[in-house]
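First comes the structure, then the notes that go with it.
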Amino acid sequence: MLGGLLGVGGGFALVPLQVLWAGVSQRHANANSLIAIIPIAIAALPIYYFRKGSPQVDFHVAFFLIAGSVVGAYVGATLLRRIPERELKFAVALVLGVVGVKELVFS
C-alpha cells in the first residue's frame, strides 16, 4: 500500500518490515520483495490503463522497463546468493539511508 501511495518501490517498506518485525533473513526478505512485485504490478495495470481520460501507461517505455527489470532481477538474484548476510544487511541499510537523506534534502 505504501509503495502505491508514495511512489516508492514496495521493497523500501517490505524488506525492512520482514527483517525487523517478522524475523525473516535479509536474503529471503529481498527475494520475497521481488516476488511480491508481480501481483502488485498486475493489479495496478488496469487501474492506470483504464482510468477516465487517456491511459497513463506508455507501453513503449514499459517494454524497456520490463526488459531491464528482467535482466536486473536475474543478475541481482545471482549476486544475492554470493553476498554474505551481514554485508547484505549493511548494503540494504546504506541504500535506505541514502534514499532517506535524499528525500529529506531534495523534497
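Read the figures in this text as sums done on the coordinates, not as results from a lab. All values reported here derive from a predicted model rather than from experimental measurement. All Cβ positions, even for glycine, are placed from backbone atoms using ideal geometry, and neighbour counts span all protein chains on display.
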Among the residues of region 47-56, are any part of a helix (DSSP H, G or I) and of a type outside the set (Ser, Thr, Tyr)?
yes
Could you identify the single residue in Ala77, Ala73 that is under 19 Å from Val24 (Cα atoms), assigned to a helix (DSSP H, G or I) and not aromatic (Phe, Trp, Tyr)?
Ala77
Restricting attention to region 41-82, which residues are hydrophobic (A, V, I, L, M, F, W, C) and touching a residue at least 12 places away in the same chain (Cβ under 8 Å)?
Ala44, Leu45, Val57, Ala73, Ala77, Leu80
Which of the residues spanning region 18-69 are more than 22 Å from Val95 (Cβ to Cβ) and aromatic (Phe, Trp, Tyr)?
Tyr48, Tyr49, Phe50, Phe59, Phe63, Phe64
Does Ile47 satisfy being out of contact with any Cys (no Cβ under 7 Å at 6 or more places or on another chain) and surrounded by 13 or more Cβ atoms within 10 Å (Cβ to Cβ)?
no
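Would you confirm, using the coordinates I've provided, whether Gly97 is surrounded by 10 or more Cβ atoms within 10 Å (Cβ to Cβ) and under 29 Å from Leu45 (Cβ atoms)?
The answer is no for Gly97.
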